[in-house]
Amino acid sequence: MACIVYSSAEPISNSLGERVVRLLDAKETGMLGGLRHFRGSGVDILRLERLPIYEEGLDSLVKTDLFVFLSRHRSSKGVASFTVHPLGNWAPSAEAGGKPRMLSMAAPWQMRNMLVQMSKTNDTGISVTYEATHHGPLLETPSFFVEVGGSEEIAERHYDVLARSVSEYFASKHENVGRVAIAIGGTHYPEKFTRLALEGKYAFSHIMPRHSCTYSDMLKMGIEQSSPKAECAVIDWKGIAAPEREVALGRLTELGIDHVRV
């Protein structure tokens, strides 16, 4: 059983969670660890009282196969989008939760299937995309964030699209499609990796953007912190500087991991 997580501390997250509770006809079961708990259609739903990026203790509070966080998306460039991404910090800092240079357990097939579901449901004209691995919480349970936002143009209809995507995802059965891979290079919003996933070629675990490729010593963690583990690497060849690319290729060779250039 999976657990959907939303937060009353973030208005968009709270709105998304309330919509999903209604769509899944979830019933409140009482309190769990001091938090409101719902259950419906084979899924648990938990309402947090603080921002989810800081909820390091969820693993011990809730025993589940998968955490799916509903959240607001922020964009420094003001680009509206629906996003899905794994959790963790490549850099030696953790300003947005988690721990420095630590990655949570990724859920590649589930993320890919959610990406597909969002693409099917989306009728708004804004993009659906992966985001690179970033921010907390740090969890050993497979997990990912599903988000909407980035621009003032985001409105109620966008919340409805994401809530319907999530509820339809959990109301449906899914096949595990795509070779599980770690993604290396490209931007924070990796168009190539998103396209490859939607085409059914790959299901990405962690995504290391070009600005994080100086941390290639973490590739082993990025491969292993995934359920299942990544079996290969996909490299955005032109989306990474040559020196960092050579270091990454050397590290992949040491690990015995094949790579594909795109």
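Values in this text are rule-based calculations from the coordinates and carry no lab data. In this text the structure is predicted, and so the values were computed from the model without any measurement. Reconstructed Cβ throughout: ideal geometry from the backbone, glycine too, with neighbour counts over all protein chains shown.
Brief remarks follow.
- Phi angles of region 80-91 translate, via the Karplus equation with coefficients 6.51, -1.76, 1.60 and θ = phi - 60°, into HN-Hα couplings of 6, 6, 9, 9, 9, 7, x, 10, x, 10, 6, 7 Hz per residue; Gly and Pro are given as x.
- Candidate aspartates and glutamates - alpha carbon under 18 Å from LYS192, same-chain residues fewer than 8 apart omitted: GLU131, ASP236
- Sorted by Cβ density within 10 Å, fewest first, the residues LYS63, LYS201: LYS63, LYS201
- Each residue in CYS3, CYS232 was given a count of other beta-carbon atoms within 10 angstrom of its own, and listing them fewest first yields CYS232, CYS3.
- Percent of beta bridges antiparallel (DSSP, region 2-261, rounded to nearest 5): 35 percent
- Electrostatic tally near ALA155: other residues with Cβ closer than 14 Å to its Cβ, Lys and Arg +1, Asp and Glu -1, net -2.
- Gyration tensor verdict on region 145-221 (Cα atoms; rounded if a/c is under 1.5, prolate if a/b is larger than b/c, oblate otherwise): oblate
- Reachable lysines from LYS63, criterion Cα separation under 28 angstrom, eight or more residues apart if same chain: LYS27, LYS99, LYS173, LYS220, LYS229
- Length-normalised contact order for region 2-261 - Cα pairs under 8 Å, 6+ apart - percent: 19 percent
- Anisotropy class of region 73-120 from Cα gyration tensor, a/c 1.5 cut: oblate
- Residues SER15, SER119, sorted so that the one with the fewest Cβ neighbours within 10 Å comes first: SER119, SER15
- Long-range amide H partners of ALA203 with built H, under 5 Å: ARG179, VAL180, ALA181
- Residue of GLY33, GLY239, GLY17 that the Gaussian network model of the chain assigns the largest fluctuation, springs spanning Cα pairs under 10 Å: GLY33
- P(r), alpha carbons of region 12-140 - 10 Å bins starting at zero, rounded %: 11, 39, 39, 11, 0
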